[in-house]
1. Restricting everything to alpha-carbon atoms, can you work out Rg to Rh for segment 140-195 with a Kirkwood hydrodynamic radius?
2. At 20 °C and 1.002 mPa s, grab the translational diffusion coefficient of segment 42-260 from Stokes-Einstein with a Kirkwood Rh over Cα pairs, rounded to a whole number in µm² per second.
3. Ranking Asp119, Asp202 by Cβ neighbours within 10 Å, fewest first, what do you get?
4. For segment 85-165, which chymotrypsin sites (Phe, Trp or Tyr not before Pro) pass both filters: DSSP loop (anything but H, G, I, E, B) and at most 14 other C-beta atoms within 10 Å?
5. Taking neighbour Cβ counts within 10 Å as the exposure measure, how do Ser132, Ser200 sort from fewest upward?
6. I need the P(r) histogram for segment 205-244: all alpha carbon pairs, bin width 10 Å from 0 out to the longest distance, whole percents.
7. Amide H to amide H, which residues 5 or more places from Ala201 or on other chains are under 5 Å from it, using H placed in the peptide plane?
8. For the residues His137, His175, what sequence is obtained by ranking on other C-beta atoms within 10 Å, fewest first?
Amino acid sequence: MWNRRPFTGVSRRAACTGLTNQAPQNVDRKCTTRDRFTMGRYRRLEPYAIVVVVATVVMTICVAGLLFRERFPVSVPTRVWVIAASSCFVFVGWGSWTLLQERTSFCVLLGLLGCWLGDYLGLKDFMSGAISFLVAHLFFIIAWAQRGFAWTRVPTVLAGVLTAAGCCAAWLLPHVPRSDLPLVLGYMVVISAMVVTAGSADLPRWPVTLTAAAIFFVSDIAVARWRFVAPGDVNAWFCYPLYYAACLMLAVSPVVNRPQDAQTTERSTREGSAT
């Protein structure tokens, strides 16, 4: 009387966890994200949270080392602080992909690796680092675009980004050498598209992603000022903290924006274990 489907001989738990040798067509229905989360495909968040906390502490120490390197009791080269801090957000991004095992977190991880490479190359050649960052932003765009768009937000986000990018272009481009102009223009277009995608993607907690992208945009303004307008160590106080905060937020954003049914299942599982 409950209109149940006839039992096919394979439970959904066994099918989703691979504990059966029967053909997939014998299963009642496909495994959903809720099933995968319940059966253990998504690991518990506590170890991941520990990774995020440890990486944040180490990154903060490295950024402090960059800003106060002249006052540090031990002389540490700048490249050591930079690579160590950048490795922290890559480690968090790897943790996000390990936790979720899906395309968005993988593309974000590739983007973070591009940022790491850009930091490494930028210590030797600024333009090579800029190219690496440009490729990294393309991976971020792919990561959020594949989640779809909330079209009602697109006009507002697009108008805000175009206004900010236009003001930056009017201020920066007169200071850029003609040989560097194509790359600078291309980079401005790509990072603007990244911010628009982050703010327009159909994500449950899209303000986190938009904030991270916007902070990244502002940190790059500080980098451009440092490179083309007014060289000086004062730019580091804006560049490094904003950049590493943005990369860390991007690294955790796939977990923050994981599917809603997975979040609901995790919450109910915790409540059940607590009782």
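1. Details: Rg = 13.5 Å, Rh = 12.7 Å.
So for segment 140-195, dividing Rg by the Kirkwood Rh gives 1.07.
2. Working: Rh = 17.7 Å.
This corresponds to a translational diffusion coefficient of 121 µm²/s.
3. Working: Asp119 21, Asp202 13.
Listed from fewest to most nearby Cβ atoms, that is Asp202, Asp119.
4. Working: sites: Phe89, Phe91, Trp94, Trp97, Phe106, Trp116, Tyr120, Phe126, Phe133, Phe139, Phe140, Trp144, Phe149, Trp151; in loops: Trp151.
Sites meeting the loop and neighbour criteria: Trp151.
5. Details: Ser132 19, Ser200 25.
Ascending number of Cβ neighbours within 10 Å: Ser132, Ser200.
6. So the P(r) values, bin by bin, are 34, 44, 17, 5.
7. Ala150
8. Numbers: His137 24, His175 13.
Listed from fewest to most nearby Cβ atoms, that is His175, His137.
Just so you know, all these numbers are worked out from the coordinates, no wet-lab data involved. All values reported here derive from a predicted model rather than from experimental measurement. With ideal geometry, Cβ positions are generated from the backbone for all residues, glycine too; neighbour counts draw on all protein chains shown.
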